[in-house]
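Undergrad: Dropping the structure in here first, questions after.
The values are calculated or read from the model by the stated rules, or taken from the named source; none is laboratory data. The shown structure was predicted, so the numbers you read here are calculated from the model rather than taken from an experiment. When we count neighbours, we look across all protein chains shown, and the Cβ atoms used for this are built from the backbone with ideal geometry, even at glycine.
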Amino acid sequence: MSRVLYRHKSFLKDWKKVRLSDKHFTKFIKYSNCLMNDEPLPFEAYDHSLLGEYKDFREFHLGSNMLVIYSLNEDGIVYFSRIGTHNQLFKNI
């Protein structure tokens, strides 16, 4: 099953601010394709579910301290919610 990709307005706002290296951008494209094709992310992405405010979401790492928060729903949608460093995304928690 091929999934559809949506970006939340918070993700779009974050995207304008974030500075991805070529390596991080390449991983973002690779991991996005995995999610869209309903394939598991590689181990190096450290894909895991979140707790608290983001309990219905998952997170993967692009490297070092760059994270992407996303969700998958039963309608076949990959929903990117946020992108940034741990401090940027979880500073209020």
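Undergrad: For the condition polar (S, T, N, Q) and at pLDDT 95 or above, what is the one hit in Ser10, Ser2, Ser21?
TA: Of Ser10, Ser2, Ser21, the one residue that is polar (S, T, N, Q) and at pLDDT 95 or above is Ser10.
Undergrad: Cβ-Cβ under 7 Å, sequence separation 6+ or interchain: first residue in the stretch 35-50 and β-branched (Val, Ile, Thr), partner modelled with pLDDT of 95 or more and surrounded by 15 or more Cβ atoms within 10 Å (Cβ to Cβ). Which pairs?
TA: The qualifying pairs do not exist here.
Undergrad: Would you confirm, using the coordinates I've provided, whether Tyr79 is in contact with a strand residue (DSSP E or B) (Cβ under 9 Å, 6 or more places away or on another chain), farther than 17 Å from Arg3 by Cβ and aromatic (Phe, Trp, Tyr)?
TA: So Tyr79 does not fit the description; no.
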